[in-house]
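The values are calculated or read from the model by the stated rules, or taken from the named source; none is laboratory data. All of these numbers come straight from a predicted model, not from anything done at the bench. Using ideal geometry, Cβ is built from the backbone for each residue, glycine included, and neighbour counts are taken over all protein chains shown.
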Amino acid sequence: MLIYSVKETIERENLVKNGDKILVALSGGPDSICLLDILVKLREEYNLTIYAAHLNHRIRGVDAQKDALYCSEVCEKDGVIFFLKSEDVPALAKEKGKSIEDMARQVRYTMLFDIKQKLGIDKIAVAHNLDDQAETVLMKLLRGSGMQGLRGMDYIRDDGIIRPLLDIYKYDILQYCEENYLNPRIDKTNFEDEYTRNKIRLNLIPYLEKNYSSNIKQILSRTANIIREDYNFIENVAKENYELIKSYQDDNETVLDIELLKNIDKSIKRRIVRMAIISILKDLDNIETVHINDIIELMDKDNGKMLNLPRGLKVYVNYGKLTFTLKEKVIEEKKYSYKINLNGYTRVDELNLTVISNIISKQECLRYPTTKYAKAFDYSKIQGDLVIRNRENGDKINAIGLKGTKKIKDILIDKKIPVEERYMYPIFSDDNGILWLFGYRIAEDYKIDESTDKVVRIQLKYDVNRRDIIEKFI
């Protein structure tokens, strides 16, 4: 019986857990009606709470209204909580410049995930079957897809989508509906060869069955399963490498190390680039193979070169780093200047930084080692107010070990600090000059010597999210 085949898929792929709340995407057609009926019959065995949701897309006029009414009646009969959303998909598709097919899918899934979030639902069950899988693989093949497309549809996705009917032929679903007197709705547009998928279903697959193999659907589905296993393995390897190559990431920006990325196998490299894009855009909609290739080629370009990609994504080279962002490239430094509290705390919000300062004896200072975040200066040599600020034109420092002075700008260039990040490297100065450029040596004129009595010790405490990017350069 069909229900046992579906149960076998559920058990093998771990699609359902005891006590799950499941939302069925219900169109009213044979596939979704069959799926709902089977889940209702398994409800007690798995202790399931079942919901159903239907989108009236207004594509088929009165027929669409009849679909919605039918779904409502089925759910009432089966004791299933039913949700209905009505949306003028043709009008919305025209407004957004999308195909009706794509727009309907987007609206449908938005509805499903909204319900999932509001009700704390565990899984969304969709009724794709083995025939759909075969069509998907062929469609992806004709579009020149790689493994990501040819792996077909997953039995279960990270976002909670499950496909319990993915091993079931359409013929068996229709037979099940007939034997159980379900009387599903029939969408006549499925028999029109206007859409690519319909052309594959109505023309290409029958041709392949007749002239090449009567088992072509099973062959394509089996091929997708094999490719999916390999894809998942490679994807896991790529994720591990992504974490190693990613030098910084927040909600607005992801930065990859170009040198490390260059040394990665091309297959993994492409996946890492896609992961970086997804970290910013959340998906790969409108991102094509040519864009991935352009990004990979960008790694060999000069510093400052940038790509403008679909959906406002910008990718640019910055001193050995590949930056993905939606922000315009910042070329002006944030301006800040704060008087340091020599015995206490000074907050610098522009840097997510707190400066801790103490005036102590030279003897006491020996207890506190200097680090890249903590330095000590001769208190008697400081003239006027001690200030933390960003650099100004003409700034120079006579750092320990230098013969003469060096421009702060040249130091930052030598350290390969991107222009838009230079404001994050603060300067400590008094009325006479610069004591310290963070990430560099202190000035000769303010160092502790034999005559020193009192010492000013300065320690920088960065918030965690800002310290990550600072660590790249110091």
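Results, tabulated for the structure shown:
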| quantity | calculated |
| --- | --- |
| Test result for Arg105, assigned to a helix (DSSP H, G or I), within 21 Å of Lys170 (Cβ to Cβ) and at pLDDT below 95 | yes |
| Test result for Ile400, in the same structural domain as Lys372 (by TED's automatic domain parsing), surrounded by fewer than 20 Cβ atoms within 10 Å (Cβ to Cβ) and of a type in the set (A, V, I, L, M, F, W, C) | yes |
| Selection within the stretch 108-133 - in a helix (DSSP H, G or I) and among the charged types (D, E, K, R) | Arg108, Asp114, Lys116, Lys118, Asp131, Asp132 |
| Residue among Ile100, Ile81 that is touching a residue at least 24 places away in the same chain (Cβ under 8 Å), assigned by TED's automatic domain parsing to the domain that holds Ile124 and farther than 18 Å from Ile124 by Cα | Ile100 |
| Scan of the stretch 437-452 for residues that are under 13 Å from Pro426 (Cα atoms), surrounded by fewer than 19 Cβ atoms within 10 Å (Cβ to Cβ) and touching a residue at least 60 places away in the same chain (Cβ under 8 Å), ordered by number | Gly439 |
| Residue within the stretch 125-135 that is under 25 Å from the mean Cα position of the chain (by Cα) and at pLDDT 95 or above present | yes |
| Residue count, the stretch 375-411 (criterion: of a type in the set (Gly, Ala, Ser), part of a loop (DSSP other than H, G, I, E, B) and at pLDDT 90 or above) | 1 |
| Whichever residue in the stretch 35-58 is in a strand (DSSP E or B) and not hydroxyl-bearing (Ser, Thr, Tyr) and, among such residues, is surrounded by the fewest Cβ atoms within 10 Å (Cβ to Cβ) | Asn56 |
| Meets criteria (in contact (Cβ under 8 Å) with a residue 60 or more places away in the chain, closer than 27 Å to Lys415 by Cβ, among the aliphatic types (A, V, I, L, M) and not assigned by TED's automatic domain parsing to the domain that holds Asn393) for Val255 | yes |
| Selected residue (criterion: nearest to Asn236 (Cα to Cα)) from residues of the stretch 253-306 that are among the basic types (Lys, Arg) and in contact with an Asp or Glu (Cβ under 9 Å, 6 or more places away or on another chain) | Arg271 |
| Neighbours by Cβ (under 8 Å, 6+ apart or cross-chain): first from the stretch 264-287, under 16 Å from Asp159 (Cα atoms); second aliphatic (A, V, I, L, M) and surrounded by 18 or more Cβ atoms within 10 Å (Cβ to Cβ) | Leu284/Ile277 |
